1. I'm checking my understanding of the structure. Among residues of region 195-220 that are open to solvent by 50 Å² or more (accessible area, probe 1.4 Å) and hydrophobic (A, V, I, L, M, F, W, C), which one is farthest from ARG131 (Cα to Cα)?
2. Which one of VAL212, VAL219 is in a loop (DSSP other than H, G, I, E, B) and either closer than 20 Å to LEU90 by Cβ or in contact (Cβ under 8 Å) with a residue 24 or more places away in the chain (or both)?
3. Restrict the check to region 89-101 and report whether at least one residue is part of a loop (DSSP other than H, G, I, E, B) and under 18 Å from VAL163 (Cβ atoms).
4. Those residues that are closer than 20 Å to ASP89 by Cβ and open to solvent by 40 Å² or more (accessible area, probe 1.4 Å), I need them from region 118-140; list them, please.
5. Quick one: in region 149-194, which of the residues that are among the acidic types (Asp, Glu) and surrounded by 16 or more Cβ atoms within 10 Å (Cβ to Cβ) is nearest to PHE133 (Cα to Cα)?
6. Could you check region 146-171 and list, in sequence order, the residues that are among the acidic types (Asp, Glu), under 19 Å from GLU91 (Cα atoms) and in a strand (DSSP E or B)?
7. Of these, VAL170, VAL163, VAL187, VAL202, which one is within 24 Å of ASN139 (Cβ to Cβ), touching a residue at least 12 places away in the same chain (Cβ under 8 Å) and of a type in the set (A, V, I, L, M)?
8. Within the bounds of region 129-140, is there any residue that is in contact with a Leu (Cβ under 9 Å, 6 or more places away or on another chain) and either modelled with pLDDT of 90 or more or of a type in the set (A, V, I, L, M) (or both)?
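The values are calculated or read from the model by the stated rules, or taken from the named source; none is laboratory data. Bear in mind that the values here come from a model prediction, so they are computed numbers and not experimental data. Cβ coordinates were reconstructed from backbone atoms using ideal geometry, including for glycine residues, and neighbour counts include every protein chain displayed. Note: accessible area is taken over every heavy atom of the protein model, side chains too, but ligands, DNA and RNA are not part of it. Shrake-Rupley method; radii C 1.70, N 1.55, O 1.52, S 1.80 Å.
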Amino acid sequence: MDKPKVFLIKLAPYYYLHVLDKNTQITRLEVGPQTLRINEHESCVLEPTKMVVLPPRHYCVIGNPVIRNPKTGKVLYTEAGQAKLRYGDLEIRKELEEPFPLYPGEVVQGNESHEFTVVSPNCALRLHAHRDFEDEKGNQRRAGDEWLFLGPDTYIPRVEVEVVEQRNAVIMQPDTALKMKALRACVDHKGKKRTAGEEWLVKAEGAYRASVDELITEVLKARVITPK
């Protein structure tokens, strides 16, 4: 009787691979450094691959992320031993102290890493929520909400939020005014209530940054009226 075939794979540090058990059809993750024993009923469905490395102030987007215990952060598994995934969902993974592997089913969306967005002074990002969530400051956001992320600051993205545009403040010179229009019912910078479609002028000198509910339709210059 022939002995079962056994293969040995030397897995270097910061490398990983996926092994499929043909008897149970379960794929598991193996990380280095180790010398891995692959039995006859197993096969490597992913060759040794370098772990994902994120430089400082960078992030990546993971598709079909694993489900983790909210208290311990450990990966949850099914009764058969397969890592649980949030299929069709996305996850933002920020810079970590060490490289990390991808569990079976996880994929990196687009480029491996993206740099955080730095918002300059007198600038803002217009954000739009795709689904309900609670942000880091405890604010409850609903799907369809829009708000401004004000600079100077570093914007850390979320999968629930889309960056619609960047808004720069308008520098108001002497003898100029901004013609404003309310996109929806809101309160202006002076605390006055405005109804949707209402128009008014802003005459204060200096930098003016329109809110998410306001639209700058025109910059008006004063006309000097002579005795004639």
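1. Top of the filtered list is LEU220.
2. Of the residues listed, the single one that is in a loop (DSSP other than H, G, I, E, B) and either closer than 20 Å to LEU90 by Cβ or in contact (Cβ under 8 Å) with a residue 24 or more places away in the chain (or both) is VAL212.
3. Within region 89-101, none of the residues are part of a loop (DSSP other than H, G, I, E, B) and under 18 Å from VAL163 (Cβ atoms).
4. Those that are closer than 20 Å to ASP89 by Cβ and open to solvent by 40 Å² or more (accessible area, probe 1.4 Å): HIS128, HIS130, ARG131, ASP132, GLU134, GLU136.
5. It comes out as GLU160.
6. Within region 146-171, just GLU162 meets the criteria.
7. Testing whether each residue is within 24 Å of ASN139 (Cβ to Cβ), touching a residue at least 12 places away in the same chain (Cβ under 8 Å) and of a type in the set (A, V, I, L, M) leaves just VAL163.
8. no
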